[in-house]
1. In what sequence do 68, 61, 56 fall when counting other Cβ within 10 Å, fewest first?
2. Can you give me the distance in nm between label points at residue 116 and residue 100, each placed 7 Å from the Cα along the Cα-to-Cβ direction?
3. Can you sort 112, 49 by how many other beta carbons sit within 10 Å, fewest first?
4. Please compute the modelled spin-label separation between residue 86 and residue 108, points set 7 Å along Cα→Cβ, answer in nm with one decimal.
5. Where does each of 119, 40 land when they are ranked from fewest to most other beta-carbon atoms within 10 angstrom?
6. Could you check the simple spin-label distance between residue 66 and residue 40, using points 7 Å along Cα→Cβ, in nm with one decimal?
7. From Cα pairs below 8 angstrom and at least 6 apart in sequence, can you work out the relative contact order of the range 38-140, rounded to a whole percent?
Amino acid sequence: MKKILLTAMIGFAGLVTANTTGFTSNFSKTLESKSVNFFKKIKIDEYITDTNGTSWHIYGWIDVSVGWSGPKINHYDIHMVGGGHHYHFQGKIMQEQGANGDIKNTIDGTLTDDEKGTKIEIDNNLQNVLYQLNDNVIKNNPE
């Protein structure tokens, strides 16, 4: 009886070890495949006119993910060329709706002058260009 019990225990331990290892590797592959399927890059190439009448050529990429609440813009990596300037923006542009229905826009990122290699402050004019771009992306890419 002891031999049967010992054999059963060794067999069970081997089975648990084999299944645990298999479970971990299968789980990792599932997470990897989900992350690949739920992320998308959107190519941007458009013109937006700012409040001063300057036309900006904006091109680059936007990283988008899909979650339980729908699509979400994660990150902008775009170039802005206009008015004799060439800027590079990397970061987020977020829209939040307040309790009273007002929409609040927030920019979290850096704007660099590509010609000088220096960081540029994002003024109200460039904020409006980025907000317009964000609105265009949301309207033109519902899924």
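1. Numbers: 68 4, 61 13, 56 22.
Listing 68, 61, 56 from fewest to most nearby Cβ atoms yields 68, 61, 56.
2. Inter-label distance under the simple model: 3.8 nm.
3. Ordered from fewest to most neighbouring Cβ atoms within 10 Å, 112, 49 come out as 49, 112.
4. A separation of 3.0 nm, rounded to one decimal place.
5. Details: 119 10, 40 14.
Listing 119, 40 from fewest to most nearby Cβ atoms yields 119, 40.
6. Distance between the two pseudo-spin positions: 0.6 nm.
7. Details: 189 pairs, mean separation 19.9, N = 103.
Dividing the mean separation by the residue count of the range 38-140 yields 19 percent.
Each reported figure results from applying straightforward, stated rules to the coordinates on display, with no laboratory input. Since this is a predicted model, take the numbers as computed values, not measurements. Cβ atoms come from the backbone with ideal geometry, glycine included; neighbour counts cover every protein chain shown.
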